[in-house]
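Undergrad: Structure provided below as structure tokens; questions to follow.
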Amino acid sequence: MIAPARILVPTDFGPTSGLALRYGRELARNFGSALHVLHAISDLVSLNTLPPTYVTDIAGLQHEREVAARTRLDTELTAKPGAAGIKTTTVVVMSATPAAAIVSYADEHRIDLIVMGTHGRGAVAHLLLGSVAEKVVRTAHCPVLTVRMPERDWRGLPAGTPPRQRKPVRAAARNSSRRRTA
């Protein structure tokens, strides 16, 4: 069996990133791997096209965003259960493109596996916006495990539905297919 020594979980703090982090933690625990959690923020200095009169302190704004991202990353990692006993490194990087930052970090730190969430956009949104996960899958030099939020649970019921309100899908289908005879 191939056991990854270093696992990278990129996060944008969304729900699919949280699910990917759960997978990454469990894999790190099972394999005794080091876990790297990365958040990429856009580099405002290189992206700025406005004259200096409109934005006076881009470097200060960039620093504030970086500090806020580090704080949130540390807070989310310590607040969520399952972090105990796993060697975790948190990183905030600045880049023009998140996919390039993820792949670059993975190459520099000899990451063995990337675990990341995917949003599962529709065809038109995917065509217009592209996908960070897809770009990472195409360009990474290591395996990439993509995680998607389930729309339905293992029984075919809508995900997130409280157990008391769930009705079996088969019973609902059976009831709707009965014909009334008059």
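The values are calculated or read from the model by the stated rules, or taken from the named source; none is laboratory data. These numbers were taken from a predicted model, which means no experiment stands behind them. Note: ideal-geometry Cβ built from the backbone for every residue, glycine included; neighbour counts use all protein chains shown.
Undergrad: Which residue is farthest from Val92 (Cα to Cα), if the candidates are limited to the stretch 5-23 and must be within 8 Å of the chain's Cα centre (by Cα) and in a strand (DSSP E or B)? Can you show your working first?
TA: If we filter the stretch 5-23 for residues that are within 8 Å of the chain's Cα centre (by Cα), which is where we start, we get 9-21.
Retained after the next criterion (residues that are in a strand (DSSP E or B)): 9-10.
Working: Val9: 12, Pro10: 10 Å.
Among residues in the stretch 5-23 that are within 8 Å of the chain's Cα centre (by Cα) and in a strand (DSSP E or B), the one farthest from Val92 (Cα to Cα) is Val9.
Undergrad: Related question: Identify all residues within the stretch 103-138 that are β-branched (Val, Ile, Thr) and either touching a Gly at 6+ places or on another chain (Cβ under 9 Å) or at pLDDT 95 or above (or both); write none if there are none. Steps first, please.
TA: To start, the set of residues in the stretch 103-138 that are β-branched (Val, Ile, Thr) comprises 103, 111, 114-115, 118, 124, 132, 136-137.
Hits for the stretch 103-138 are Val103, Ile111, Ile114, Val115.
Undergrad: Moving on to the next point. Taking the residues in the stretch 24-42 that are crowded, with 18+ Cβ neighbours inside 10 Å and in a helix (DSSP H, G or I) as candidates, determine which candidate is nearest to the chain's Cα centre (by Cα).
TA: Gly24
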